[in-house]
Every structure is written in C-alpha cells, then in structure tokens.
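Notes for the one structure printed next.
Please treat every number below as a calculation from the coordinates, not as lab data. Everything numeric here is computed off the predicted structure, so don't read it as measured data. Every residue, glycine as well, gets a Cβ built from its backbone with ideal geometry; the counts of neighbours run over all protein chains shown.
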Ligand code: APR
C-alpha cells in the first residue's frame, strides 16, 4: 500500500518532504502554513520570498530548515466557492503537482496535510476522495496523509476504503470479461 493515514502534527513528521497548504503569496499564514513556518524558522520565509508566489494548484519546493523533513513542497489549494469554479480540478492538481515535483527531486517519501479543508472550507469528504484517488495513481510513491483531528482522519480512511473497494470491483469485472472472452473462443 502506498498510502498511510495517520493523525498528528505534520511539522513533527519525519518524511523526505512534507507538503504545506499554502496561499498564493507563499509568505505564510495561519493553519498548517503558520505551523510549518513556526517550526522551520526564518530560513523558510527567506527562501519563500525568492519564489515570487505560486498559482493555485501548482507546487514549489524549498528546503525544510529546522523541520525533520528535508524539503517542504508548498501548494496553494483552492478556496471553496460552491464547487462550480473548478475547485475539484484545482485540488486534484495540488496533489498531482506535489507528487510530480517530489519525483523530479528524487523524493519518494512525502506527507500531506488535508489541503483546503480548513480555512479554505473545501468539503472534507469530497476533498478526501479527490486526494486519495489522485495519490493512488502514483503507487511508486510512499505517501502519508497526516490528519490533524479524528474527523479528518476518519474521512480519509473512508475515502481509502472506497477507493480500494472500487479498484477491487473493477478488477473483478475485468476478470469476468476475460473469462467470458475465453469461453466464447
Ligand atoms: N499538522 C497537520 N495538519 C494541520 C496542522 C498541523 N500542524 N495544522 C492544521 N492542520 C490541518 C487543518 O486542521 C486542516 O485539516 O490542515 C488542514 C488544512 O487547513 P488549513 O491549514 O486551514 O489550510 P487550507 O484550508 O488549505 O487554507 C489555506 O490558510 O493558513 C492559511 O496561508 C494559508 O491562506 C492559506 C489558507
């Protein structure tokens, strides 16, 4: 399984890279963004200032400074505005671009917070489905979802169960179709 779901504080998580649910300025904020900057120290802000921001859905990488993680991958998630402004696609892009950027840097172990489900108010269950469905497309990556509270953890566990059940159903369907083809021959 390339995806684990734990409850905890991502600033204390030991992975090659941790993901920051940032904003487009990349100049810090509240929530997990604030926590990561507090623990990483001033070096992180200094490097972020050289990046000149980041569009929603894209990702940028910096060093981890005083964090246990060697790298921080910053991605501004979409602010939820009702669901008809491409929020789902933008959230999927956050996960995908973080994974692709990690692979470009030879990073295999990466930890995500629940992007956009705090201050940006993205509905938790829908966000969890999008996150898990995207992450499962990269089985070569060792991914941990670090959930800050039990409700978030349960939402990601449910999303993972749904994803695995759906994959099992698809595999059974394919096996059935293969068997039917063989019987026709
Ligand atoms: N470790 C793991 N998860 C955390 C931590 C932490 N230390 N602190 C908060 N979280 C969780 C929240 O509980 C939520 O589940 O991270 C998830 C994302 O919430 P936010 O941090 O509010 O991020 P988001 O909803 O993406 O909003 C981003 O908030 O902090 C600002 O600068 C940031 O403007 C941006 C906006």
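Taking the residues in the range 96-118 that are touching a strand residue (DSSP E or B) at 6+ places or on another chain (Cβ under 6 Å) and part of a helix (DSSP H, G or I) as candidates, determine which candidate is nearest to the ligand (Cβ to nearest atom). Within the range 96-118, the match that is nearest to the ligand (Cβ to nearest atom) is 98.
Taking the criterion of being within 8 Å of the ligand (Cβ to nearest atom) and surrounded by fewer than 21 Cβ atoms within 10 Å (Cβ to Cβ), the residues of the range 28-45 that qualify are 28, 29, 30, 31, 34, 35. Scanning the range 42-71 for residues that are touching a helix residue (DSSP H, G or I) at 6+ places or on another chain (Cβ under 6 Å) and in a loop (DSSP other than H, G, I, E, B) yields 56, 57, 58, 59, 65, 66, 67.
Tell me whether the range 133-142 contains one or more residues that are assigned to a strand (DSSP E or B) and more than 17 Å from residue 57 (Cα to Cα). Yes, some residue in the range 133-142 is assigned to a strand (DSSP E or B) and more than 17 Å from residue 57 (Cα to Cα).
Taking the criterion of being more than 13 Å from residue 70 (Cα to Cα) and touching a helix residue (DSSP H, G or I) at 6+ places or on another chain (Cβ under 9 Å), the residues of the range 21-38 that qualify are 21, 22, 23, 25, 26, 27, 28, 29, 32, 35, 37, 38.
Among all residues of the range 62-77, there is none that is more than 16 Å from the ligand (Cβ to nearest atom) and more than 26 Å from residue 38 (Cβ to Cβ). Considering each residue of the range 1-20 in turn, at least one proves to be crowded, with 18+ Cβ neighbours inside 10 Å and part of a helix (DSSP H, G or I).
Here residue 25 meets each of (1) within 14 Å of the ligand (Cβ to nearest atom); (2) in contact (Cβ under 8 Å) with a residue 40 or more places away in the chain; (3) not in a helix (DSSP H, G or I) with one exception, condition (2). Every residue in the range 59-85 that is within 17 Å of residue 115 (Cα to Cα), out of contact with any strand residue (DSSP E or B) (no Cβ under 7 Å at 6 or more places or on another chain) and surrounded by 14 or more Cβ atoms within 10 Å (Cβ to Cβ), please. Answer for the range 59-85, where residues must be within 17 Å of residue 115 (Cα to Cα), out of contact with any strand residue (DSSP E or B) (no Cβ under 7 Å at 6 or more places or on another chain) and surrounded by 14 or more Cβ atoms within 10 Å (Cβ to Cβ): 78, 79, 80.
Within the group 133, 170, 165, 121, which residue is more than 16 Å from the ligand (Cβ to nearest atom), farther than 18 Å from residue 15 by Cβ and under 17 Å from the mean Cα position of the chain (by Cα)? Going through 133, 170, 165, 121 in turn, just one is more than 16 Å from the ligand (Cβ to nearest atom), farther than 18 Å from residue 15 by Cβ and under 17 Å from the mean Cα position of the chain (by Cα): 133.
Just one of the numbered conditions (1) farther than 23 Å from residue 96 by Cα; (2) in a loop (DSSP other than H, G, I, E, B) is not true of residue 39: (2).
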